[in-house]
Amino acid sequence: MLRLALHLLFTLWIALASIALAPSAMFGQQPVRPTAITHVNVIDVVAGAVRADQTVVLANGKIAAIGPSPAVEVPREAMVIAAAGEYLIPGLWDMHVHLRSDSARLGIQLAAENEAMLDLFLPNGVVGIREMGGDLADSVIRWRDEIHAGKREGPRILTAGRKIDNDPPAWPGSIGVKTAEEARQAVDLNQGLGADFIKIYFRNTSPEVLRAVVDEAHRLHLKVTGHKPNNLSLQEFLDSGIDGFQHAEYLPATPREAFDSLIRERTRRAGTPWALDTNEFNARLSWLEDPAEDTRVYERMAREKIWVTPTLSIEDHVLEHGSRDYESDEHKLYIPPAIWRSWDPKLGRRKPLDSRAFALRKATVERWKKDAVAAFKAGVPMTLGTDCGAVNDHEMPGWSVHEELEALVAAGLTPAEALRLATINAASWRGDTNEGEIAKGKVADLVLLRSNPLTDIRHAAEIEGVFQSGRHYSRADLDVMLGRAAERVRILH
């Protein structure tokens, strides 16, 4: 507790001290001269290797030069960051974030709380996020545009705007549709709103409605991702032309006849004391999973470039929900109280699992993790995402990226492979060929680390500095951001 108190005092002191600084001394100011990071160890996420003793020169938001330190000329006017013994990785992206209100308290929007959480990403090396839709679409799009214009600090944002769902929808702010025509109109509405891609959340839908979403989105040059409808097999889902999906829970490939039989059983049991609940349904799907079908489906997904975001760490939070005491967690200092309350097992939307549901879920989650690794090894393209935000069980923005890196490595990926999901793969999904790796001409989104993340992925959280489009945030600058977040939380209390 003493350590937490001292850290809070330190971050608050830095936040207050920063207010007194002249504008030219404020953190994160776009440099008017080049920056040279000298004698640094560069992590090549593509090769999974370290290039020792490199000097990296940044200018105009990009990497102007890179190479062995003796061979790189440092511009005379450059700001020099001596980084001997430190490691440089590309900036991280969280490709599954929710900026939304607490669905257990309808009508109370948490725009200020979500806005405050934007300060938590850069201190964790997260230079960009893919926001997966909610009830704050107008605010999220405004924040996105302000960050893009340099009027606000924070991670670059891609947003789905409003999710497309059944009518009535499962979440506030989503667009409910029943017909193919309504589905096309929902895509058009999102495109007009300014959405960067389309997110679907159908629990059950017809192939015609799903196909209408995909076709209209593709006509407008928008990608489609989201949840697989429960009534469609994985194979039928892929037949829609979908660009990808979220969560490893949809990876079990069940022979279609076995899947159809399970759907018929679920329909017969609906409305009875023996109704097939979500945990049993998912467990049964995993039980019916066929390795040969997995191989065929994953090969197809790799060939057709169907992108998957596994979101493994959120499953561990679901399993521990209600059994782990978070009240003394040091990150609580930075989380707005209404967001923290939405994670409460007694007050929030998510309730702890009973013993039977816990046993089913635990066994199923282990299968999902194995499927995620198998699909990755088969060449299925993947990005890192955490599902962090309001309602989602102590999945804390920024820090959750490092939890997910650890979860991916624990499941069977190498540290280099896990980093690739959060860097070069995230750029590939976005279609940004000038981002995601450390090479000449690439956007200067970088994270400076104290230790080598290829030997231990936990080192990716040991951050000394962050560069966003060449703009340097030192460790002290990042602590200012955390102090600002802590002060906002104090005020909101």
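None of the figures in this text is laboratory data; all of them are computed from the coordinates on show. Model, not experiment: these values are computed from the prediction. Methodologically, a virtual Cβ is constructed for each residue, glycine included, from the backbone with ideal geometry; neighbour enumeration extends over all protein chains shown.
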Inset, instruction - Could you state, as a whole-number percent, how many of the C-alpha pairs of region 106-167 are farther apart than 13 Å? - result: 64 percent
Inset, instruction - May I ask for the angle, rounded to the nearest 10°, between helix 399-411 and the longest principal axis of the chain, with both axes built from Cα atoms and the value confined to 0 to 90°? - result: 60 degrees
Inset, instruction - First check a/c for region 339-425, with a ≥ b ≥ c the square roots of the eigenvalues of its C-alpha gyration tensor; if it is under 1.5, answer rounded, and if not, answer prolate when a/b is larger than b/c or oblate otherwise. - result: oblate
Legend entry - Per-residue Cβ neighbour rank within 10 angstrom, fewest leading, GLU73, GLU320: GLU73, GLU320
Inset, instruction - Show which lysines lie in cross-link reach of LYS178 when reach means a straight Cα distance below 27 angstrom and same-chain residues fewer than eight apart are skipped. - result: LYS163, LYS199, LYS223, LYS228
Inset, instruction - Let me know the volume per residue of the alpha-carbon convex hull for the chain, in Å³. - result: 146 Å³
Legend entry - Equivalent ellipsoid dimensions for region 39-198 as semi-axes, Å, which come from the Cα gyration tensor, largest first: 42, 16, 14
Legend entry - Dipole of the chain, positive direction: furthest Cα of THR414, ILE198, PHE121, with charges on the beta-carbon: ILE198
Inset, instruction - Relative to the longest principal axis of the C-alpha atoms of the chain, give the angle of the C-alpha long axis of helix 256-269, reported between 0 and 90° and rounded to the nearest 10°. - result: 70 degrees
Inset, instruction - Please work out the FRET efficiency for the pair THR272 and LYS332, using the Cβ-Cβ distance as r and a Förster radius of 56 Å; give the result to the nearest 0.05. - result: 0.85
Legend entry - Fraction of antiparallel bridges per DSSP, the chain only, in percent to nearest 5: 50 percent
Legend entry - Global form of region 305-356, assessed from the alpha-carbon gyration tensor, a/c cut-off 1.5: oblate
Inset, instruction - Using R₀ = 30 Å, calculate the FRET efficiency as 1/(1 + (r/R₀)^6) where r is the Cβ-Cβ separation of ILE491 and SER323; round to 0.05. - result: 0.40
Legend entry - Residues ASP393, ASP188, ASP215, sorted so that the one with the fewest Cβ neighbours within 10 Å comes first: ASP188, ASP215, ASP393
Legend entry - Sequence-distant lysines (8 or more away, or on other chains) whose Cα lies within less than 17 Å of LYS362: LYS351, LYS370
Inset, instruction - Compute the length gained on full extension between ALA410 and GLU265: take 0.36 nm times their separation in residues and subtract their Cα-Cα distance, giving the result in nm to one decimal. - result: 48.6 nm
Legend entry - Relative contact order for the chain, counting Cα pairs under 8 Å that sit 6 or more residues apart, in percent: 22 percent
Inset, instruction - Using R₀ = 45 Å, calculate the FRET efficiency as 1/(1 + (r/R₀)^6) where r is the Cβ-Cβ separation of GLU366 and ALA84; round to 0.05. - result: 0.60
Legend entry - Difference of contour (0.36 nm per residue) and Cα-Cα distance, ASN434 to ASP188: 85.6 nm
Inset, instruction - Give me the angle, in degrees from 0 to 90, between the Cα long axis of helix 137-148 and the longest principal axis of the Cα atoms of the chain, rounded to the nearest 10. - result: 30 degrees
Legend entry - Fully extended contour minus Cα-Cα distance, from ALA292 to ARG450, at 0.36 nm per residue: 52.5 nm
Inset, instruction - Could you name the lysines whose alpha carbon sits less than 26 Å from that of LYS62, not counting residues in the same chain fewer than 8 places away? - result: LYS151, LYS440, LYS442
Inset, instruction - Report, in deg cm²/dmol and to the nearest 500, the calculated mean residue ellipticity at 222 nm for the chain, where each DSSP H run with n ≥ 4 adds -39500 (n - 2.57) and the sum is divided by the residue count. - result: -12000 deg cm²/dmol
